[in-house]
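Engineer: Sharing a structure with you now.
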Amino acid sequence: MKKYYLIIVLFLFSCSENEDIYNVREQFIEVYNKKYYTEIDAITTEVLQPLLVEDFNNNSNNWQVGNSNGVIASISNGYFYMINNTLTDTYSSSIFLNSLTQNDNYQIEIGFKSNNIINSVNPKYNGLIFGFDNVGIKYNLFSEFLLNPKTIDLSATGNAFYKNLFSIRSDSMNEYWTQYNKYILRKIGSKIAVFVNNNYVKTVNIDPIFYGNRIGFAFNQILQVDYLYINKINL
C-alpha cells in the first residue's frame, strides 16, 4: 500500500512541475513576442515578404481611375488623388491581392491625408479598405475620423452593415489634411498593433475577417495617398 501512495505522490509532483514549466514557457513566449507589437523595428526585412509595393509613380497595378459625375480618381506625381463631390455616395478604387489571406501574419503601411471639407455625412468612409468583397460590398475600413481630431478607426462595414473594431486617439497624428500621416497595421496572430508616424500607439485583440481578396481605398470626400506597402510576416 505504501508503494502506491509513493507513486501517486511522485505523479502529482511531476504533474505540478510540468505545469509550472509550461506556464513559465508561455510567459516567456508572451514577453518575447511582445516586442513585435510594441517595437516598430522588431520586424526586420528578413521576415517581411513584399506582396505590394505601390508608390504611385504610374498605374501599373491598374487602379480604377477616371472623372465622371463629380467623382475623380487620378494618379500623378507619385500620388493617388481621389475626390468625391456627390455628397451622398461612397466610391472605391481597389485591386486584387490574392496572395494575402486572413490567416496570414501581415503588415500594412500607408501614407495618406484626408479632408472632410466637401461632405459632413459619413465622415469615416475615407481611407484604406482591405479584405474587400466587391460583390456583397463588405470590407474592413481603416480611416481618420474627421469629426474627432487625431482619432483613427478600424471598422467592418458594407451595405447596411457596420461594426466598429477599434477607435484610437493618438497625439502622434498630424492634423488632417495639413500633412501626411504614416500608419502601420501589424497583424500577428489574433492581435493588431497600431503605429502612427513611427510611434507605437496600441495593440488591439482583433483578427479582421477577410470578406474577399481586394484591397484599396474608399472615399466620400477627399483622399490623397502617398504610398501603400503590404507585407506578409514570416516569423
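The numbers here are math on the coordinates, done by the rules we state, and not lab data. What you see is a predicted model, and the numbers here were worked out from it, not measured in a lab. As a convention, Cβ positions derive from the backbone with ideal geometry for all residues, glycine included, and neighbour counts pool all protein chains shown.
Engineer: Provide the packing ranking of 209-218, 80-89, 96-105, i.e. peptides ordered by the mean count of other C-beta atoms within 10 Å per residue, highest first.
Structural biologist: Highest to lowest by the protection proxy: 209-218, 80-89, 96-105.
Engineer: Could you give the nm distance between label points at VAL53 and ILE95, where each point is 7 Å from its Cα heading toward the beta carbon?
Structural biologist: Label at VAL53, label at ILE95, 1.3 nm between them.
Engineer: Turning to a different aspect of this structure: Quickly work out the GLN102-to-THR38 label distance, labels modelled 7 Å from Cα along the C-beta direction, and quote it in nm with one decimal.
Structural biologist: Placing both labels 7 Å along Cα→Cβ, they lie 3.0 nm apart.
Engineer: Run the quick spin-label model on LYS232 and GLN179: label points 7 Å from Cα toward the beta carbon, then report their separation in nm to one decimal.
Structural biologist: According to this spin-label approximation, the distance is 3.6 nm.
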